[in-house]
Amino acid sequence: MKVFHLILTLAISSALTHADEPTDTSRWKEDFSNEAAFLKNWSSYGWLPDEKVVSGAENMHRWWQIQDGALRGQTFGKLHPSGLTRKVSAKDVRLSLRFKMEEGGMAAIGFNGPNPILEANFHLAGVHIRQSSITAWDEENLYPKGSPEAEALKKEKKMNRKFIGAAKVEKIALSLDAWHALVIEMHGKSIKAFIDGKQVLTYETHAGDAPKETVQFAVGGGSKDVVNGWYDDVSFEPLEEKK
């Protein structure tokens, strides 16, 4: 099952690389006040119980809706959380936004970029935020491309990389059903996260210094039939150009 999902994620991430993109992907803001612009600039995907992948505009409203001037994401029971991506283009970056969670929810934010081993736009690093913790997640290639080990994995149809879901965990205390300000900075291989003006996480990634090609959001949960999460006032900019 895990291998199946990894292959699907890789295929989807690669396909999104060629999707239509806004005029300037190196610096943009999104307040979700224009649904047409949202549908143009963002792409969604998820898995149904029969392992069918649904993506694109036909899937957007199943998981994501603009509600009261903000973006609401939903996850249903034990379905794989739906992902939402938007094109970016910079190396050292700052992503700022507001998020809100309900009981049992999780805000998931990360960056994707070129992976020389997998030859695709793939996961780099990011964070998972719950009421009492913030977790850095990371990706690590296992073996050099073309090595005997890599070729063996390829024949077995296994991914030549390792997802590190809990690379570093820090305790926090967040109010539920309340908006919180989040800033994520990636400079070189370092990822730093600030919530409500306080630095809450720093971690040295394996491949975080790669150029960023897409940013991704998700709403985690699974403990209830429906778990909601909200995002608003998103801005992306090159970190090195900040004055």
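The values are calculated or read from the model by the stated rules, or taken from the named source; none is laboratory data. Not measured: the values here are computed from a predicted model. Positions of Cβ are backbone-derived with ideal geometry, glycine not excepted, and every protein chain shown enters the neighbour counts.
Scan region 196-207 residue by residue and report those that are of a type outside the set (Asp, Glu) and at pLDDT 90 or above. Across region 196-207, the qualifying residues are Gly197, Lys198, Gln199, Val200, Leu201, Thr202, Tyr203, Thr205, His206. Can you confirm whether Ala193 is assigned to a loop (DSSP other than H, G, I, E, B), hydrophobic (A, V, I, L, M, F, W, C), at pLDDT 95 or above and under 13 Å from Ile129 (Cβ atoms)? Against the criterion (assigned to a loop (DSSP other than H, G, I, E, B), hydrophobic (A, V, I, L, M, F, W, C), at pLDDT 95 or above and under 13 Å from Ile129 (Cβ atoms)), Ala193 does not qualify. Taking region 112-144 only, how many residues are in a loop (DSSP other than H, G, I, E, B), without any contact (Cβ under 8 Å) to a residue 40 or more places away in the chain and either under 26 Å from Val219 (Cβ atoms) or acidic (Asp, Glu) (or both)? Here the count works out to 1. The residues of region 196-233 that are within 17 Å of the chain's Cα centre (by Cα), farther than 20 Å from Glu139 by Cα and surrounded by fewer than 22 Cβ atoms within 10 Å (Cβ to Cβ), listed by number, are Asn228, Trp230, Asp232, Asp233. Exactly one residue out of Leu174, Leu142, Leu153 is farther than 27 Å from Asp31 by Cα, surrounded by 15 or more Cβ atoms within 10 Å (Cβ to Cβ) and either modelled with pLDDT under 95 or more than 19 Å from the chain's Cα centre (by Cα) (or both): that is Leu153. Could you please find all residues in region 145-162 being in a loop (DSSP other than H, G, I, E, B) and among the small types (Gly, Ala, Ser)? Residues satisfying the conditions are Gly146, Ser147.
With respect to the stated conditions, Gly165 fails to be farther than 18 Å from Leu95 by Cβ, part of a loop (DSSP other than H, G, I, E, B) and of a type outside the set (A, V, I, L, M).
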